[in-house]
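Student: Below are the structure tokens for one structure; questions will follow.
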Amino acid sequence: MTGNQQHNEPKHKRDLTRRKVVVAGAGAAVAVGAGAGLASGAFADETTSTASASGTSSAEVCYKLTSETTEGPYYIDADKLRRDITEDKEGIPLVLDLKVIDSETCKPIRNAAVDIWHCDALGIYSGYESLSTGGGGTAPTDAPSGTPTGEPPSGAPSGGTGGGVHEEPTDDERYLRGTWKTDKHGKVTFKTVFPGWYRGRTVHIHAKVHVGGEWTDAGYEGGNTCHTGQFFFDETSVLASAEVEPYSTSTTERTTLDEDTIYDQSGTAGGLLKLKYDKKNIAKGVVGSLTMGVDPDATNEGTSL
């Protein structure tokens, strides 16, 4: 991408045929805490681990299209090419086992570029720390199940907007963001931490799927964004996470899954993750899985929803 392009166009509207991915250096930190063991071997055998965690089989049924959602204000275009996006962030270890398939043919889509990004355990987004609305301190007694008061949910943190209006980054941090390619089975695995929450939104992870491009020494170029969505967590898991530090220190009011303005209440098709974890000790770690049915010929950038 030329210097003129960078200065004349907003990041979220730059020509996708010129999009680049910066290859991240080695040594990304593994999630800390009691659950580090769960995440530590996540990439030893990606094909095997994703198959066992997702519980799918070769006879997997066809999926309807996965719901499209807003990109939100805090997307940074394919900034880090990596599967471990944790960096040094504390939180419950989370392994995401994802699969991308053509919703019409049910065939896996290989070599797709999958972006994910989300806030940390206290609701802060990298690149936008000054705009995020997470909070710490002593949690009120109703913090895990409390609902927002005052202004209605906006679908985005303060400083942003609910639709596809993009905010320019305010800092150079890039934790909990990453891009990786799907294998021949359409699968990709990410290692991260369980997200926290911020005012106006339920706990979620953002995602994009890019197809038709080319992987080069510089990263991923070209193609089209065929899917922009979000992953969601059931209330049971969120309530369990709220008992674990640092989530338990948050004083931020929480929006439940039923109250969220973005989740369409359609279950898996709407991005609701299938979760596996020790119900008696979620701090050990969580495995989340989801199959995304996409239309590879479509363009869904999530900037006009």
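The values are calculated or read from the model by the stated rules, or taken from the named source; none is laboratory data. Computed from a predicted structure; not experimentally measured. When we count neighbours, we look across all protein chains shown, and the Cβ atoms used for this are built from the backbone with ideal geometry, even at glycine. These accessible areas exclude ligands, DNA and RNA; they are computed on the full protein's heavy atoms, side chains included. Shrake-Rupley method; radii C 1.70, N 1.55, O 1.52, S 1.80 Å.
Student: Show the residue pairs that are 6+ apart or on different chains and have beta-carbon atoms under 7 Å apart, the first residue being within region 249-275 and touching a residue at least 12 places away in the same chain (Cβ under 8 Å) and closer than 21 Å to G91 by Cβ, the second being open to solvent by less than 30 Å² (accessible area, probe 1.4 Å) and basic (K, R).
Tutor: Listed pairs, sorted by first residue: T255/R201; D260/R201.
Student: For Q265, all conditions in the list (1) within 13 Å of T202 (Cα to Cα); (2) among the polar types (S, T, N, Q); (3) open to solvent by less than 20 Å² (accessible area, probe 1.4 Å) hold save one; what is the number of the exception?
Tutor: Condition (3) is where Q265 drops out.
Student: Filter region 81-98 down to the residues that are closer than 11 Å to V114 by Cα and either in a loop (DSSP other than H, G, I, E, B) or of a type in the set (D, E, K, R) (or both), then identify the one that is least open to solvent (accessible area, probe 1.4 Å).
Tutor: R82
Student: Say we look at region 242-260 and pick out the residues that are at pLDDT 95 or above and either β-branched (V, I, T) or part of a helix (DSSP H, G or I) (or both); which of these is farthest from D295 (Cα to Cα)?
Tutor: For region 242-260, the residue satisfying everything is T249.
Student: Only residues that are buried (at least 24 other Cβ atoms within 10 Å of the Cβ) and not in a strand (DSSP E or B): list them for region 201-232, please.
Tutor: V203
Student: Give region 103-116 a look and list any residue that's open to solvent by 30 Å² or more (accessible area, probe 1.4 Å) and among the charged types (D, E, K, R), or say none.
Tutor: E104, K107, R110
Student: Would you please list the contacts, defined by Cβ atoms under 8 Å and residues six or more apart or on different chains, that run from a residue in region 113-132 that is within 16 Å of D97 (Cα to Cα) to a residue that is aliphatic (A, V, I, L, M) and at pLDDT below 95?
Tutor: A113/V21; A113/A78; D115/A78; W117/I76
Residue by residue, here is whether (1) within 19 Å of the chain's Cα centre (by Cα); (2) within 17 Å of Q230 (Cα to Cα); (3) at pLDDT 50 or above; (4) open to solvent by 30 Å² or more (accessible area, probe 1.4 Å) holds:
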| site | (1), (2), (3), (4) |
| --- | --- |
| H118 | yes, yes, yes, no |
| P144 | no, no, no, no |
| T147 | no, no, no, yes |
| G164 | yes, yes, yes, no |
| P169 | yes, no, yes, yes |
| Y175 | yes, no, yes, no |
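Student: Here are some residues: K274, K279. Which one is open to solvent by 50 Å² or more (accessible area, probe 1.4 Å), at pLDDT 95 or above, under 17 Å from the mean Cα position of the chain (by Cα) and not small (G, A, S)?
Tutor: K274
Student: Surrounded by 19 or more Cβ atoms within 10 Å (Cβ to Cβ) and among the polar types (S, T, N, Q): does that describe S248?
Tutor: no
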